[in-house]
Amino acid sequence: MTFTELFISGAFLIDLELREDERGFFARLFCEKEFAVHGLMPRIVQVNDSYCKFKGTLRGMHYQLDPHSEDKMVRCLRGRIFDVVLDLRKSSPTFGRWYGCELTQDNRKMLYIPKMCAHGFITLEDDSEILYLHSQFHAPSAERGVRWDDPKFKIQWPFKPKIISKRDQQFPLYT
């Protein structure tokens, strides 16, 4: 794996190193030793799969409060998404800044989202499927979110979403 540190402290774009031959390829998605070298996700406790039927589906911007805050790693298994990490750590020099990138089934890139950073994505095509690796268990009482279109953060989505859950629409503006 190749780890590219982003301008948001603790966030990384990870490229797989494919070992290819006539059969196809083999690649590691996670190696505890390689992640530890970068100070990342010491353990994975939960793996989730998200499927979106339609282009323009937005999920986000989600995070969990301490002591349940979590590191996440996200990869698009099928289709294409525009994936966003938003720094909500008040002590961070990049507080309030965001980073977005395209994750696709073809580029096989992964986005690493550190604790107390919100995460969300919009699907760029129908039938998109996303894999999440989490460092903490889901804790409904610690769930939080900020609006995808909060003017404080000015996230530049590729287009206006067509489908957003009622819950995600009702997140408050950040204060």
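Values quoted throughout were computed directly from the atomic coordinates according to the rules given, and no laboratory measurement underlies them. Predicted model only: the values in this text are computed from it and were never measured. Every residue, glycine among them, receives a Cβ derived from its backbone with ideal geometry; neighbour counts consider all protein chains shown.
See the values below:
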read-out	value
Most to least packed among 92-101, 16-25 [average Cβ atoms within 10 Å]	92-101, 16-25
Charged-residue dipole, Cβ positions (Lys, Arg, Asp, Glu), the chain about Cα centre, Debye nearest 20	660
Extended-chain gain in nm, criterion 0.36 nm per residue less alpha-carbon gap, K166 and R78	29.2 nm
Nitroxide proxy distance, nm - points 7 Å out along Cα→Cβ at E5 and A142	2.5
Of D71, D150, D83, the one that fluctuates the most in a GNM where the chain has Cα springs shorter than 10 Å	D150
Separation of the F26 and F159 label points, Cα + 7 Å toward Cβ, nm	4.1
